[in-house]
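Only one structure is covered here, and it is reproduced in the block below.
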Amino acid sequence: MGSFNDFLDAVDNIIEDGKKRKIIHLFTGEDNFEGNRIQLNNKELVNFGSCSYLGLEFDKRLKAGAIEAVTKFGTQFSSSRSYVSLGLYTELEQLFNQMFGAHCIVTPTTTLGHIAAIPVLVNDEDAVIVDHQVHSSVQTAVSLLKPRGVHVELVRHNKMDDLEKKIIQLRTKHKRIWYMADGIYSMYGDACPMADIERLLKKYKQFHAYIDDAHGTSWYGENGKGYVLSQMDLHERMVVVASLAKSFAVGGGVLMLPNKYTESKIRNCGGPMIFSGPLQPANLGAAIASAKIHLSPEIKQYQQALWDNIKYTKRVIADLDLPCVSLSDSPVFFIGVSLPKIGYATIEQLMNKGHYVNLGIYPAVPLKNTGIRFTITRLHTKAQIKSLLQDMKMILNEVIAAHDFSYEKIYKAFRRSMKPRLSIASKKSDNQQLKVSRYQCINEVDKQLWNSLFHSQGIIDHNALGLLQQTFSNNIRKEHNWEFEYILIKDEQQKIVLATFLTVSLNKDDMMSSREVSAEVELARQADPYYLTSEVLSVGTPLTEGQQLYLDRKHPLWKTALNQLLEIISKKQTERKINQVVIRDFEDPDTVLEKIFIDNGFLKYKLPDNNYIDDLDWNDMEEFRQLLSKNSYTNFRREVKRNLDKFEVSVNNNPSTEDIRHWYSLYMNIRGKNLTINTFDLPCKLFDMMANSEDWVTIELFPKKEYILPEYDNKAIGVAFLQKNGNTLNAAIGGIDYKYQETYRAYLCLLYQILLWAKANNFDRLNLGYTADREKRKISAKQSTVYAFMQIQDDFNMRVIAQTSAKAKRVAV
């Protein structure tokens, strides 16, 4: 994906969509409620979204504890804990020491607990390995380490063999190696393999573990000490963190530390322990009451009641054959639906039936791994659980059929091998009114028809695609082999509704990242050229630009045609196990189109601006000057006009093999310096093909005799390959000798010569492509904002890129 702003925009769009559908950012009604029923949107619903798994929030003793504390100490005690703490803290932390068998610190929230502890625990000489599904609050705290230069990297979720390999790699370079993980993961409810953690702690003395057991506390283990500490005793090199805002039924967090020294250091140095406010009296009073319940035999009864509900839920899920992603023993369940549109429709109908559940969607999970997340508490009755699951199955069947989807596709989206026992009959669709034709070679497609659809676009006319397909076939390097497919969708009258072409190619995952990030990643690629690379299924190619998807929006079946294309893409993605899908380029897509893509699991992100010149109706330099802003003309006069007489330009229609190899070396000069869009090097074979095609023009730039610099070899110092598509000229690839760029601004002079050639040959538009916007504006180029829609099946590599981004920014500073 692109910048952090793209990420924020994507999240904002998804959340706003959910708000409009009235399924997220909700508020309960003003009426009193007790138990597991709440009022939402003026309707009473059974709450299957609560993380208070033991249902203690309505216990009279907790209420009495809160009231007594307020009566004694007021509603607030406002002081930093580094100065004065309310005496209730001492009692509560002593109870926790007994409950967890550790040195405990109570924090205002679990997030603030992480922020207090992690920067103090981790030294500059340490390394941190983060499970890529660890809770966002842990990741937030870890991000505070990066400006200090602490080495941070990700490991795939619960991959203990990968974790051990990283420990071995890092232990000679770092003093200690920390692993950050969750005890019970909040989305799928799966658990950290604590037996492996214990084994690694015993095997590697430098290994330390930091586990957030927020979702495992209270309902699991003796006295509710949690999942983690039920699997092993607190190790001397381990820290466990719990939330008080879930099963414990109050608010705040608690750090469980192995010794007094570590406890004291965090109290003294942890930022939130100094600068954040404390828990208030009501919260502390209720927490003390809850802790006493946990330390009594009564807690076992509550835990057993919840366990009975969990076992019953698992049994009903199995009987109904619901696609549960992780059928663990936790009270967190996730029913996979794959696409957001399936999730939205299912949630809306479940709420109409009186069940409140959560939508698991991006950024909590990849967009194509959307699901229905629900939680079970002690307060639920078996009748409520059965009603929810039966309604869910019925609704899911109806929604899947209505959207022409299937359980098989859901299982494949989550890469699960589960097989459904029930097939769903799809509704009768408009698909039968459309005919899909698919071709493996552009020569199979009618040339006149194709060119009528993509006339005067980018390098996507019939001949250009034939050249690209021939170039990117049968090569040695895998990045130089692209798989092409051409798709035409017609109605019953043979009218084209949709046309496009797809490619499968190997791309660099940091292609759209910043220069600094790509520079950092390229260092790793010196040892492994294919580090952080993925196969991408794309509309268009890594080389082409412009409108690569023809869609007749006036046709009544255009949405059906688009959904058919998305179905083709999805099937191909699944069959080939391709991680990324990209559909591009769109100039400011409207909300209708955007909604279709998001509902089908795509995120919108901004591409670099596309540069073009569409005003070629001028006769001389003076008229051209009128097209430029005052600032642009000043730059043009200083950097272009004053250097034009230093160069000669020629069109080479009959190049030698030596010429072509030289042109390739000029291209590699630019490629070596340009990380703005980080792609693989193009093959020299492409330059041979372009040089010998009638649809392509090669412009060379030579220095005049009096401006020759030392070591000149009588060869071009600049080259540009131009492709003709109707009335449009596409400047595709260029190269430059940087000695002449630094001295005589050769790149700008070459751009201007391209402009003059386009005008002289009566083209209506000159496409100058991505990047170098500032330079291109100096010759009157305009910029159009271009977007793409991306779908990522496995976001691990993107998270690694995000980690690299923070490191690169630190280095840059």
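Right, L56: open to solvent by less than 30 Å² (accessible area, probe 1.4 Å), in contact (Cβ under 8 Å) with a residue 12 or more places away in the chain and closer than 30 Å to N600 by Cβ or not? Talk me through it step by step, then tell me what you get.
Working: open to solvent by less than 30 Å² (accessible area, probe 1.4 Å): yes; in contact (Cβ under 8 Å) with a residue 12 or more places away in the chain: yes; closer than 30 Å to N600 by Cβ: no.
Taking the combined requirement at face value, the residue does not satisfy it.
Does the range 550-585 hold any residues that are in a strand (DSSP E or B) and under 24 Å from the mean Cα position of the chain (by Cα), and which are they? Q580, V581, V582, I583, R584, D585 - these are the residues of the range 550-585 that are in a strand (DSSP E or B) and under 24 Å from the mean Cα position of the chain (by Cα). Picking from residues in the range 260-302 that are among the hydroxyl-bearing types (S, T, Y) and within 13 Å of I105 (Cα to Cα), the one that is surrounded by the most Cβ atoms within 10 Å (Cβ to Cβ) is T262.
If I ask for residues that are assigned to a strand (DSSP E or B) and closer than 17 Å to S387 by Cα, which ones from the range 28-42 would you list? Before you say what the answer is, go through the steps one by one.
Step one: list which residues in the range 28-42 are assigned to a strand (DSSP E or B), which gives 28, 37-40.
The answer is R37, I38.
In the range 673-690, the condition of being in contact with a Lys or Arg (Cβ under 9 Å, 6 or more places away or on another chain) and of a type in the set (V, I, T) is met by at least one residue. Contact annotation: no residue pair with Cβ atoms under 7 Å, 6 or more positions apart or on different chains, pairs a residue in the range 393-410 that is of a type in the set (D, E) and open to solvent by 30 Å² or more (accessible area, probe 1.4 Å) with a partner that is assigned to a helix (DSSP H, G or I) and at pLDDT 90 or above. When every residue of the range 68-83 is checked against the conditions, none turns out to be in contact (Cβ under 8 Å) with a residue 60 or more places away in the chain, within 26 Å of Y220 (Cβ to Cβ) and open to solvent by less than 50 Å² (accessible area, probe 1.4 Å).
Where in the range 369-474 are the helices (runs of 4 or more DSSP H), entirely inside, with at least 3 residues that are modelled with pLDDT under 95 and touching a strand residue (DSSP E or B) at 6+ places or on another chain (Cβ under 8 Å)? Step through it out loud before you land on a result.
Numbers: elements: 382-402, 407-413, 447-453, 462-471.
Where helices (runs of 4 or more DSSP H) fall fully within the range 369-474 and carry at least 3 residues being modelled with pLDDT under 95 and touching a strand residue (DSSP E or B) at 6+ places or on another chain (Cβ under 8 Å), they are 407-413.
Yes/no matrix, rows are residues, columns are (1) open to solvent by 10 Å² or more (accessible area, probe 1.4 Å); (2) under 21 Å from I310 (Cα atoms):
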residue	(1), (2)
T346	no, no
N352	yes, no
L359	yes, yes
A364	yes, no
G371	no, yes
T377	no, yes
I385	no, yes
L388	no, yes
D391	yes, yes
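Considering (1) part of a loop (DSSP other than H, G, I, E, B); (2) of a type outside the set (S, T, N, Q); (3) over 23 Å from V250 (Cβ atoms), the lone condition that V11 does not fulfil carries the number (1). Evaluating K19 against the criteria (1) out of contact with any His (no Cβ under 6 Å at 6 or more places or on another chain); (2) open to solvent by less than 90 Å² (accessible area, probe 1.4 Å); (3) among the basic types (K, R) leaves one unmet condition, (1). Taking the range 11-37 as the range and being modelled with pLDDT of 85 or more and among the charged types (D, E, K, R) as the test, the residues that pass are D12, E16, D17, K19, K20, R21, K22, R37. Filtered by the rule that a residue be closer than 29 Å to Q564 by Cα, touching a Ser or Thr at 6+ places or on another chain (Cβ under 9 Å) and not hydroxyl-bearing (S, T, Y), the range 586-634 gives E587, D588, N600, G601, K606, L607, P608, N610. The residues of the range 303-320 that are open to solvent by 50 Å² or more (accessible area, probe 1.4 Å) and under 15 Å from E222 (Cβ atoms), listed by number, are Q304, W307.
Do we find a residue being part of a helix (DSSP H, G or I) and more than 40 Å from the chain's Cα centre (by Cα) anywhere in the range 267-280? Break it down stepwise before answering.
Kept after step one, since they are part of a helix (DSSP H, G or I), are these residues of the range 267-280: 267-269, 271-275.
With more than 40 Å from the chain's Cα centre (by Cα) added as a condition, the list becomes none.
There is no residue in the range 267-280 that is part of a helix (DSSP H, G or I) and more than 40 Å from the chain's Cα centre (by Cα).
Among the residues making up the range 321-335, those that are touching a residue at least 40 places away in the same chain (Cβ under 8 Å) and either in a strand (DSSP E or B) or buried (at least 17 other Cβ atoms within 10 Å of the Cβ) (or both) are L322, P323, V325, S326, S328, S330, P331, V332, F333, F334, I335. Meeting the requirement of 2 or more residues that are of a type in the set (K, R), open to solvent by 50 Å² or more (accessible area, probe 1.4 Å) and in contact (Cβ under 8 Å) with a residue 24 or more places away in the chain, the helices (runs of 4 or more DSSP H) wholly within the range 705-813 are 796-812. Across the range 517-560, the qualifying residues are those that are out of contact with any helix residue (DSSP H, G or I) (no Cβ under 9 Å at 6 or more places or on another chain) and within 29 Å of E408 (Cα to Cα), and the one among them that is surrounded by the fewest Cβ atoms within 10 Å (Cβ to Cβ) is W558.
The single condition from (1) within 18 Å of F796 (Cα to Cα); (2) touching a helix residue (DSSP H, G or I) at 6+ places or on another chain (Cβ under 6 Å) that M187 fails is (2). Look at (1) modelled with pLDDT under 95; (2) within 15 Å of C104 (Cα to Cα); (3) not polar (S, T, N, Q) and you find that V240 fails only one, number (1).
The values are calculated or read from the model by the stated rules, or taken from the named source; none is laboratory data. As the structure is a computational prediction, the values presented were derived from the model and not from experiment. Neighbour counts are summed over all protein chains in view; Cβ atoms, including those assigned to glycine, are modelled from backbone coordinates with ideal geometry. These area figures cover heavy atoms from the full protein model, side chains too; ligands, DNA and RNA do not enter into them. Shrake-Rupley method; radii C 1.70, N 1.55, O 1.52, S 1.80 Å.
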